[in-house]
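Every number here is computed from the coordinates shown, using simple stated rules; none is lab data. Remember, predicted model here, so these are calculated numbers, not experimental data. Here the Cβ positions follow ideal geometry from the backbone for every residue, glycine too, while neighbour counts run over all protein chains shown.
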Amino acid sequence: MTTVLLADDHQLLRQALRRALEDAGLHVVGEAADGDEAVRLAGQLEPDVVVMDVTMPVLDGVEATRRVHHDRAETRIVVLTMHSEQALLARAVDAGACAFLTKDASMQDVVRTVQQAADGEVLLSPELAASMLGELRGPHEPHEPGPAGPPSSPLTRREEEILQLVADGHSTTEVARRLFISAKTVKNHLASIYEKLDARDRTQAVLSGVRIGIIQLR
């Protein structure tokens, strides 16, 4: 059973999230009202997924995400945010977040995202990824394409094909079905992609791929 830690300073929201997740068969093992408590409980309870609010007292959600990911990289972190917090989201990606939810998301979306995070299937929307890519590049880095000609790629053609499908939002199962290969083969390719791009998950791999020009956000 997937275990979940909730970290948000609003008790009513935590209660609503707990009900929705437990009704869906997930196990909420704890609740934190601030970032420092979230880090402490994540270490004690070792949840599969942490649902982390960005804006919390004592320790903000981005720094809490960084510490949880540093201490326990296998824990998947889903960040709760508002539409206008693009700069914070870019920092959260760098800190180790794997997925994002807006606070006006439906409870069905919350449950689905947490389940996908636990399965390693979550990726940013193209719009959000493009916005984060702009933030991570910084104001002085060019956004226009470089000189004509194909970019140098550390990936094989098959790996590029898989990474592009992942960037398009397809799950491991969907990628396997489209390419007529097994899900295990897709996972093996993804592991190789992560190693070659020095990425820890799909989000970072896609952002890296876009940065060097081998895939596109469509």
### Query
Can you give the net charge of the other residues whose Cβ lies under 13 Å from the Cβ of ASP198, counting K and R as +1 and D and E as -1?
0
### Task
Please give the FRET efficiency for ARG40 paired with GLN15, using the beta carbon to beta carbon distance and R0 = 25 Å, rounded to the nearest 0.05.
0.75
### the range 148-212 - charge dipole about Cα centre, Lys and Arg +1 at Cβ, Asp and Glu -1, debye rounded to 20
140 debye
### Task
Provide ARG158, ARG202 in ascending order of the number of other Cβ atoms located within 10 Å of each residue's Cβ, fewest first.
ARG158, ARG202
### Task
Can you bin the range 61-111 into rounded, prolate or oblate? Criterion: square roots of the alpha carbon gyration tensor eigenvalues sorted a ≥ b ≥ c, rounded for a/c under 1.5, prolate for a/b above b/c, oblate for the rest.
oblate
### Query
What is the local net charge at ASP36, summed over the other residues whose Cβ is closer than 11 Å to its Cβ (Lys, Arg +1; Asp, Glu -1)?
-2
### For PHE100, PHE180, order by how many other beta-carbon atoms lie within 10 Å, fewest first
PHE180, PHE100
### Task
Go through the range 163-175 residue by residue and turn each phi into a ³J(HN,Hα) via Karplus (6.51, -1.76, 1.60, θ = phi - 60°); whole Hz please, and just put x for glycine and proline.
5, 5, 5, 4, 4, 7, x, 7, 6, 4, 4, 5, 4
### Task
Just add up the charged neighbours of LEU13: K/R +1, D/E -1, any other residue whose Cβ is under 13 Å from the Cβ of LEU13.
-1
### Task
Would you mind checking which residues have amide H under 5 Å from LEU101's amide H? H placed 1.01 Å from N; only 5 or more apart, or other chain.
VAL79, LEU80, THR81
### Task
Could you pull out the GluC sites (Glu not before Pro) across the range 9-94 that fall in loop regions by DSSP (anything but H, G, I, E, B) with no more than 11 other Cβ atoms inside 10 Å?
GLU74
